[in-house]
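The values are calculated or read from the model by the stated rules, or taken from the named source; none is laboratory data. Just so we're clear, the structure is a prediction, and the values are computed from it rather than from any experiment. Note: ideal-geometry Cβ built from the backbone for every residue, glycine included; neighbour counts use all protein chains shown.
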Amino acid sequence: ENTSNKIAAGEVVEKPASVIKELVENSIDAGASNISVDIRNGGISYIKVTDNGSGMEEDDVEIAFERHATSKIKRAEDLDSVITMGFRGEALASIAAVSSVELQTKTAGGTYGMYVHVVGGVFKEVRPAGCPVGTTFIIKDLFFNTPARYKFLKKDATEAGYISDTLSRIALGNPDISFRLTSGKTILVHTPGNNDLKSAIYSIYGKEVISQLMCVEYMDERFKISGYVGKPEAARSNRNYQSLYINKRYIKSRVISYAVEQAYSSMLMKNKFPFFVLNIDINPQLVDANVHPAKMDVRFADESYLSRAVYMAVSKALSSNSL
Ligand code: ADP
Ligand code: MG
């Protein structure tokens with residue numbers, strides 16, 4: 001079953017950035033208000049993720065590495081209303097199958113914490129440990145036992161760039177959490193976690209973008225749409241500056257991007273894409289997040305109704321700005 005974990009790892013873990021996405025989403029699910037990530041060699045040789053979340057109970061630390069172990073779905077009906085980031089119970093098993101994983105974790109109620117070391121899916125050590133409340137994961141030597149995957153890793157700087165983008169995107173969707181990404185002494189991302197989206201945008205994109213934002217606020221029976229769109233002059237030459245969240249989960253949706261772009265279409269020049277950070281809150285029962293392990297491609301009921309709502313929300317922001 002070690003082989004099947006290695007194969008499954010390919011779906012969840014494609015590069016260091018995907019490891020970090022999974023670990024950080026777990027930290028968010030654990031209620032952390034502070035999450036810090038440190039990397040070496042673009043995360044290939046070393047990734048450390050520390051959170052101040054709930055921690056894990058002594059009895060749960062080993063189970064967490066089993067495939068399909070998840071503490072997040074207790075009953076089948078819960079699948080209908082998944083609001084946590086992860087719920088498949090595949091990430092830790094997959095990551096541990098292709099790397100060395102050290103875990104230190106402690107709950108607020110526990111008298112001591114736990115240390116676990118797993119290498120290539122095999123437990124090397126499980127013992128009590130003194131540590132603060134929360135969880136730290138250290139991942140070393142990603143893909144050491146899967147040379148075919150290792151070969152596809154890019155240069156350190158390129159992998160670090162993917163990590164930086166991934167963490168920035170997660171940070172923009174969770175302005176109530178402080179995120180910090182370092183590569184040695186270099187700080188790549190640092191958001192305040194003061195629950196102000198504009199401050200998070202400022203930390204990630206800087207002063208110029210901040211001076212060109214328009215606020216989006218829209219609500220109907222099904223959707224609440226909020227966030228910021230850039231003024232037409234803040235448009236970019238690619239879609240890397242577009243971040244969309246459904247119930248705080250980052251997703252890519254051409255249909256929604258297109259709806260935003262349609263609202264701008266008379267104002268934007270060709271080959272320009274508006275800047276936006278938009279949150280859509282939908283009743284979780286209308287969202288089917290159980291689509292792909294990477295979970296970035298969330299399907300939702302009635303996409304055309306939603307894209308119309310996005311079009312209206314953005315048009316409203318644009319017209320109130322031009323008054
Ligand atoms: P999933 O997130 O889909 O449940 P994972 O493989 O990502 O599956 O994680 C397995 C389990 O390990 C989680 O359900 C959770 O109980 C526990 N866990 C993982 N990371 C953390 C963390 N940072 N803090 C607390 N619990 C965690
Ligand atoms: Mg998870």
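Has segment 39-61 got any residue that is out of contact with any helix residue (DSSP H, G or I) (no Cβ under 7 Å at 6 or more places or on another chain), under 24 Å from ASN247 (Cα atoms) and either away from ligand 1 (no atom under 12 Å from the Cβ) or at pLDDT below 95 (or both)?
No.
Check ARG149, ARG222, ARG180 and return the single one that is modelled with pLDDT under 95 and either in the same structural domain as ASN34 (by TED's automatic domain parsing) or within 30 Å of HIS117 (Cβ to Cβ) (or both). It would help to see each step written out before you state the result.
Working: ARG222 fails: either in the same structural domain as ASN34 (by TED's automatic domain parsing) or within 30 Å of HIS117 (Cβ to Cβ) (or both); ARG180 fails: modelled with pLDDT under 95.
Criteria check complete, one pass: ARG149.
Where residues in segment 194-212 are more than 22 Å from the chain's Cα centre (by Cα) and free of Cβ contacts under 8 Å to residues at least 60 places away in the same chain, which of them is surrounded by the most Cβ atoms within 10 Å (Cβ to Cβ)?
Only one residue tops the list, namely ILE210.
Of the residues that sit in segment 8-57 and are assigned to a helix (DSSP H, G or I), within 15 Å of ligand 2 (Cβ to nearest atom) and closer than 19 Å to ASN145 by Cβ, which one is nearest to the chain's Cα centre (by Cα)?
Out of the qualifying residues, it is GLU22.
Could you please tell me which pairs satisfy a Cβ distance under 8 Å, a separation of 6+ or placement on different chains, a first residue in segment 15-36 that is more than 12 Å from ligand 1 (Cβ to nearest atom), and a second residue that is in a helix (DSSP H, G or I) and among the acidic types (Asp, Glu)?
Listed pairs, sorted by first residue: LYS15/GLU159; PRO16/GLU159; ALA17/GLU159; ALA17/ASP165.
Sort through GLY109, GLY113, GLY161 and tell me the only one that's surrounded by fewer than 16 Cβ atoms within 10 Å (Cβ to Cβ), at pLDDT 95 or above and more than 22 Å from the chain's Cα centre (by Cα).
Numbers: GLY113 fails: surrounded by fewer than 16 Cβ atoms within 10 Å (Cβ to Cβ); GLY161 fails: more than 22 Å from the chain's Cα centre (by Cα).
Sole residue among the options that is surrounded by fewer than 16 Cβ atoms within 10 Å (Cβ to Cβ), at pLDDT 95 or above and more than 22 Å from the chain's Cα centre (by Cα): GLY109.
Of all residues in segment 100-143, which are polar (S, T, N, Q) and either within 16 Å of ligand 2 (Cβ to nearest atom) or within 21 Å of GLY53 (Cβ to Cβ) (or both)? Explain how you work it out, then say what you get.
At the first step, the residues of segment 100-143 found to be polar (S, T, N, Q) are 100, 104-105, 107, 111, 135-136.
Residues satisfying the conditions are GLN104, THR105, THR107, THR111, THR135, THR136.
Being within 13 Å of ligand 1 (Cβ to nearest atom) and farther than 14 Å from VAL101 by Cα is the filter here, so list the residues in segment 113-131 that pass it.
Hits for segment 113-131 are GLY113, CYS131.
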